[in-house]
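Structure first, commentary second.
The values are calculated or read from the model by the stated rules, or taken from the named source; none is laboratory data. Since the structure is predicted, the reported quantities are computational estimates derived from the model, not experimental observations. Every residue, glycine as well, gets a Cβ built from its backbone with ideal geometry; the counts of neighbours run over all protein chains shown.
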Amino acid sequence: MEKKIEKLEKEIVELKNKILEAENKWKRALADYQNLEKRTQEQKAEFAEFANCGIMLDFLGVLDCLESAASHIKNEGLDLSVKKFKEVLESNGVSEIKAEGEVFNADSMEAVDAQKGEEGKVLKVNKKGYILNNRVLRPAQVVVGRKE
């Protein structure tokens, strides 16, 4: 009888260990699944942001044309259209890079010329640059000051 009790107690211990092992495997599998789900969501968001980049770049070309037209033709309707277009871009995470008068920043600006002026300062913006969700969508093309 004692041997049978010992045997049963041993089986109980073994079964408890198997249960713990199965529980740990289940927890690891659940954690792996949750991590996979999180990575998948991040990749989807990254893909959507990347897809938006192409569309927004196309829109920036349209904005350039509208702003150029508005600078040559004084028309209230055109000015309102440009304003509304900018608002739509901003509501989608696009913002203009402030460059004129700022210190040249190679991360967000492209120097297309250098002229006499304050060293390293942006003297003029030839083409506006834009950021989409903290990433440079299009660098600003600028004229940078240099000492003579």
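In table form, for the structure just shown:
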item	result
Residue list for the range 137-148, restricted to those being among the aliphatic types (A, V, I, L, M) and modelled with pLDDT under 95	Leu137
Breaking point among (1) surrounded by 11 or more Cβ atoms within 10 Å (Cβ to Cβ); (2) modelled with pLDDT of 95 or more; (3) of a type in the set (D, E, K, R), for Glu119	(2)
Boolean, Lys74 is assigned to a helix (DSSP H, G or I) and basic (Lys, Arg)	no
Cross-chain or 6+ apart pairs with Cβ under 8 Å, the range 33-56 first and touching a residue at least 24 places away in the same chain (Cβ under 8 Å) and not assigned by TED's automatic domain parsing to the domain that holds Arg135, then surrounded by 10 or more Cβ atoms within 10 Å (Cβ to Cβ) and in a helix (DSSP H, G or I)	Met56/Leu89
Output for the range 63-101, where each listed residue is more than 27 Å from Val112 (Cβ to Cβ) and among the aliphatic types (A, V, I, L, M)	Leu78, Leu80, Val88
Of the criteria (1) more than 21 Å from the chain's Cα centre (by Cα); (2) among the small types (Gly, Ala, Ser); (3) surrounded by fewer than 11 Cβ atoms within 10 Å (Cβ to Cβ), which one Ala70 fails	(3)
In the range 80-105, the residues that are surrounded by 14 or more Cβ atoms within 10 Å (Cβ to Cβ) and outside any loop (DSSP other than H, G, I, E, B)	Ser81, Val82, Phe85, Lys86, Leu89, Val94, Ser95, Glu96
